Amino acid sequence: MASSAKTPALDKPNPAEDWIVVFPRRGKQKRNSHKVIIHKRKKQEQLWTPADIETNLERKSKLMQKIQTCIRKLESSSFWLTFLDQLQTPEIFDRFLKVVGSEVKM
């Protein structure tokens, strides 16, 4: 009987009535404990340098030939002709001039 004297007796039939519901405060924001920390690494600005120190004239001429071939293919394509036609319409041409500004080479 000594153990029964230590436990509180329930006078109410429903034990849930003893609980108090607590809501979080409006002023405090929920803290995000899963924040991702991004470390900003400052890279020193490095100028591009070619991997090949020596210039291979044969390789350079082959590359120039490929570039010229690609340019010729583009200039003869229907895409390029349509693009040029669209650029020459007054509406597009005026907008293009506004973007380019006073740049003569463009």
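The values are calculated or read from the model by the stated rules, or taken from the named source; none is laboratory data. Remember, it's a predicted structure, so these values are computed and weren't measured experimentally. These accessible areas exclude ligands, DNA and RNA; they are computed on the full protein's heavy atoms, side chains included. Shrake-Rupley method; radii C 1.70, N 1.55, O 1.52, S 1.80 Å.
Points to keep in mind about this one:
- Rounded to the nearest Hz, the phi-derived 3J(HN,Hα) couplings of the stretch 76-81 under the Karplus curve 6.51 cos²θ - 1.76 cosθ + 1.60 (θ = phi - 60°) are 9, 7, 5, 4, 5, 5, where x marks glycine and proline.
- For the stretch 44-105, the carbon plus sulfur part of the accessible surface works out to 59%, probe radius 1.4 Å.
- Largest to smallest principal axis extent of the C-alpha atoms in the stretch 59-106, angstrom: 42, 26, 10
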